[in-house]
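See structure below.
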Amino acid sequence: GIATPSLDVLIMNKLDFHPNVRRMPLFGLGCAGGAAGLALAGKIAGDDPDATVLLVAVELNSLTFQRDDFAKSNLVAASLFGDGAAAVLIRGGANGPIDILKSTTLLRRETNNLMGWEFVDSGFRVVFSRRVPDTIRKMMPESVANTLADAGIGVEDIASFAFHPGGTRILEVYQSELGREPSDFRSSYAVLSQFGNMSSATVLFVLDDEIRNSPHKSGDYGLLAAFGPGFSAETTLLRWA
């Protein structure tokens, strides 16, 4: 959905935040929004050791349901997407469960028709092209290489993956392109099975599941990624504290 004033204003009026708190609404990033927001919050906190950043992702995908549209694309979207909300607190210089080391973004030109919304008389209609899995396959090597550059590590050194589960076909693309097993994406499968695709909030659900339920050692590297409209990739290198 869309709100003006934006949701951050509603939160400011509900909670006891200082009126000088800087607000930064993000819109239109779709499934990549949670990863993009985490990257931006990490950048702010990394530049200011006194910074505290609250990232909130809210998605009401049920608003896109078109009850009179019996096209296969609409039925797939209705069965795949769900509503969800997630929040993450990022602090500069703090000892949290993970550190954000580096984030990169990658836009593939002339692919803006692959994913998004159409605004029609009956509301929002989801656009979700069959070309999405193949486009992710083409983008992933460059996206991951850009993120791992200068870190002195390869994909084989990554201990955990918090990847946005756009669907089972997309999860299979992750596995084949990275040469990893389905078990490496346990959290992605778990979130998809329990909640569906909640657009921007989904990857934050996956990260939460990784923190709560997957064993990690201090110093282990993690990789977080999501793909969204544009068509774009957001990838972040993490390290467990």
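Go through the range 43-92 residue by residue and tally those that are part of a loop (DSSP other than H, G, I, E, B) and either within 30 Å of L114 (Cβ to Cβ) or touching a residue at least 60 places away in the same chain (Cβ under 8 Å) (or both).
Result for the range 43-92: 10.
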Being of a type in the set (D, E), crowded, with 17+ Cβ neighbours inside 10 Å and either touching a Leu at 6+ places or on another chain (Cβ under 7 Å) or within 20 Å of A32 (Cβ to Cβ) (or both) narrows it down to one residue among E172, E210, E142; which is it? E210
Output the helices (runs of 4 or more DSSP H) that fall wholly within the range 151-241 and possess 2 or more residues being under 24 Å from K43 (Cα atoms), or say none. 202-213
Scan the range 100-123 residue by residue and report those that are touching a Phe, Trp or Tyr at 6+ places or on another chain (Cβ under 8 Å) and crowded, with 18+ Cβ neighbours inside 10 Å. R108, T111, L114, M115
Using beta carbons and a limit of 7 Å, which pairs, at least six apart or on different chains, have the first residue in the range 208-223 and farther than 22 Å from T147 by Cα and the second one of a type in the set (A, V, I, L, M)? D209/A190; D209/V191
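Only one of T111, T135, T147, T168 is over 29 Å from Q66 (Cβ atoms) and of a type in the set (S, T, Y). Can you tell me which?
T147
Residues are listed down the side, and each one gets a yes or a no for (1) charged (D, E, K, R); (2) over 15 Å from the mean Cα position of the chain (by Cα); (3) surrounded by fewer than 22 Cβ atoms within 10 Å (Cβ to Cβ); (4) within 26 Å of R130 (Cα to Cα):
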| position | (1), (2), (3), (4) |
| --- | --- |
| A151 | no, yes, yes, no |
| D157 | yes, yes, yes, no |
| F163 | no, no, no, yes |
| F185 | no, no, no, yes |
| L204 | no, no, no, yes |
| K217 | yes, yes, yes, no |
| D220 | yes, yes, yes, no |
| A225 | no, no, no, yes |
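Throughout, read-outs are computed from the coordinates displayed, never taken from laboratory work. Worth saying up front: this structure is predicted, and the values here are computed from it rather than measured. Note that we place each Cβ from the backbone using ideal geometry, even for glycine, and neighbour counts take in every protein chain shown.
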